[in-house]
Structure formats: structure tokens, C-alpha cells
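The values are calculated or read from the model by the stated rules, or taken from the named source; none is laboratory data. Predicted model only: the values in this text are computed from it and were never measured. Cβ placement follows ideal geometry from the backbone for every residue including glycine, while neighbour counts extend to all protein chains displayed.
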Amino acid sequence: MTISPVWSWEGRVTSELLLILDTSTTAGSVALCRGEHLLAEIVVDSLANHSDQLLLHVQQLLTEQQCTLAEVAAFAVIDGPGSFTGLRVGVTAAKGLARACHRPLFGISSLHLLASALPYVTLPVCAFLDARKKEIYAATFSTATGSPCLLDGPCVLPPQQFLAAMPVPALFVGSGAVLYRDLIVERFGPLAIFAPGPLHTPRASSTAPLVLQRFQSGESGDPGLLLPRYIRPSDAEIAQQK
């Protein structure tokens, strides 16, 4: 029997340079951070451009900051839920970069990403992403201590069903919160609070504190173990089941 070697990082990494990719929605982003400090970030609003531009954006950030790929200490990628195509593009690219550099790769939930932009909120934070088909990807977090702590979810279901079981008052964030704002207000009235407009667009840099924490903890970050988190089956899989 052949036993595969345990994944380990190459050499001793002393820098805290982090490269974080998000292609889970149309609002994709690439962030270069040193620890929790954002050095530069590129945000695009076109799902079609992710596959063509992602690695170009990575190179652009590194060049502008006078860094090299070899200096990156750890990689992270938003691994779902979200666009099936976008997730495949981002996860595949991130795994390739991490393997080439022999560096750890950490997967972060797209819903966690949204909640990360709202630290120290005393209310529950409800992250909603439009899942199409009149459904949402949803999860509820507590961010009272700074870092999001999952309370409920993630799941995919009609917004009415999730709202019926939700705690109130709550703070809503994400494309699903924007799309179903009227439904949320109808359900909760003035108890429904919405994040400021810019925070509904996910930014890869929001997860830098979590990525740094996982890197410093010595988590293996084996790229071979990372898979997209789709939550629901694709249309092709549904068709095969019929």
C-alpha cells in the first residue's frame, strides 16, 4: 500500500503576504494583503471576465506592489456558494498558484465573506446571496466579537422560508438582501436593518484577518483537499436524476 506524504509547506515562511481570490459572484475581486493590512485590491463586475482576467489581475497587483509570487505566504479563495462557473475558475486558479509555490491554500465561504465586512455588530448578521430560481444562499452569523461565528446555515431555499425562521431584529447584507428588500421589510418592518450600500458587494480583502489567523495557527491548507462548495446540485446533475 502506498501512503501519500502529508502536505507540508516548503521552507519556513516569515512574511505575512496573503493573496485572496473571489470569483464566486459577478463582483469578483483579488486582494493582496500584508497580514490584516490591505496593500491593493482589484474589483470587477463581470462574471464573464473572471476566467480571462483573473491571473492578469494577480500579476498586476504583484507588479504594482513590487512583490513576486514566491513572496506570497498563503493563498485563499472564496469557495462557495455562488456561481458554479465562477467557483470553478477561482478554485482552479488558486489551487494552481498554491501548488506551484508550495504554499497553503484556505477556502472561505462567500457568506462568511459578506459577514466579515461587518465586525462587532451586536445584532445577528444575515448574509443573503441571490441564488436565482427565486432562491437565496443564506447564513446567519454573530460578529459581536469581531470575527463571524456561524449561527445558522448555510443553505439554499426560498427567501420566505428562511425569513420565517429568522431571529429579529437582524442586519441584512448581500445581493439577496438587495433583491428581496421589500419582502424583508414586509416581514420585519422597522426591525429589518440593512448594511450600507457598498457592503452588499463582497470584497476579498474582508477575509484577511481570518486567513491570517488560519495561516498563523499552522493549519495545513492542503490545496488538494479544497473543493467548491456548491450547496445545491447543478442543472446537469438534476437532469441526470430525472
Is it true that some residue in the stretch 203-223 is without any contact (Cβ under 8 Å) to a residue 40 or more places away in the chain and within 28 Å of Val44 (Cβ to Cβ)? no
Can you find a residue in the stretch 95-103 that is farther than 21 Å from Thr201 by Cα, small (Gly, Ala, Ser) and surrounded by 24 or more Cβ atoms within 10 Å (Cβ to Cβ)? yes
Check the stretch 47-65 and report whether any residue there is of a type outside the set (Asp, Glu), closer than 30 Å to Val168 by Cα, in contact (Cβ under 8 Å) with a residue 40 or more places away in the chain and not assigned by TED's automatic domain parsing to the domain that holds Leu191. no
Residues of the stretch 64-83 being touching a Phe, Trp or Tyr at 6+ places or on another chain (Cβ under 6 Å), farther than 12 Å from Leu226 by Cβ and hydrophobic (A, V, I, L, M, F, W, C), which ones? Ala74
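Within 27 Å of Ile136 (Cα to Cα), in the same structural domain as Arg214 (by TED's automatic domain parsing), modelled with pLDDT of 95 or more and of a type in the set (A, V, I, L, M, F, W, C): does that describe Val43?
Working: within 27 Å of Ile136 (Cα to Cα): yes; in the same structural domain as Arg214 (by TED's automatic domain parsing): yes; modelled with pLDDT of 95 or more: no; of a type in the set (A, V, I, L, M, F, W, C): yes.
Answer is no for this residue.
Being over 14 Å from the mean Cα position of the chain (by Cα), hydrophobic (A, V, I, L, M, F, W, C) and in the same structural domain as Gly90 (by TED's automatic domain parsing): is that true of Leu212 here? I'd like the intermediate steps shown before the answer.
On the way: over 14 Å from the mean Cα position of the chain (by Cα): yes; hydrophobic (A, V, I, L, M, F, W, C): yes; in the same structural domain as Gly90 (by TED's automatic domain parsing): yes.
Against the criterion (over 14 Å from the mean Cα position of the chain (by Cα), hydrophobic (A, V, I, L, M, F, W, C) and in the same structural domain as Gly90 (by TED's automatic domain parsing)), Leu212 qualifies.
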Could you tell me which residue of the stretch 110-139 is farthest from Ile231 (Cα to Cα), considering only residues that are crowded, with 24+ Cβ neighbours inside 10 Å and touching a Gly at 6+ places or on another chain (Cβ under 6 Å)? Leu114
For the structure I just gave you, tell me whether Gly80 is in contact with a Pro (Cβ under 8 Å, 6 or more places away or on another chain) and outside the structural domain of Cys155 (by TED's automatic domain parsing). yes
Among the candidates Phe194, Phe162, single out the residue that is more than 30 Å from Leu32 (Cα to Cα), of a type outside the set (Gly, Ala, Ser) and out of contact with any Lys or Arg (no Cβ under 6 Å at 6 or more places or on another chain). Phe162
Number of positions in the stretch 179-192 that are under 24 Å from the mean Cα position of the chain (by Cα) and either surrounded by fewer than 16 Cβ atoms within 10 Å (Cβ to Cβ) or over 21 Å from Thr122 (Cα atoms) (or both): 3
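Can you work out which of the residues in the stretch 9-28 that are buried (at least 24 other Cβ atoms within 10 Å of the Cβ) and hydroxyl-bearing (Ser, Thr, Tyr) is modelled with the lowest pLDDT? It would help to see each step written out before you state the result.
First, the residues of the stretch 9-28 that are buried (at least 24 other Cβ atoms within 10 Å of the Cβ): 18-25, 28.
Pick out the ones that are also hydroxyl-bearing (Ser, Thr, Tyr) and you get 23-25.
Working: Thr23: 94, Ser24: 93, Thr25: 90.
Residue satisfying both the conditions and the ranking: Thr25.
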Can you find, within the stretch 140-160, the residue that is surrounded by the most Cβ atoms within 10 Å (Cβ to Cβ) among those that are touching a residue at least 24 places away in the same chain (Cβ under 8 Å) and of a type in the set (Gly, Ala, Ser)? Gly153
Residue count, the stretch 168-192 (criterion: in a strand (DSSP E or B), in contact with a Leu (Cβ under 7 Å, 6 or more places away or on another chain) and either basic (Lys, Arg) or at pLDDT 95 or above (or both)): 2
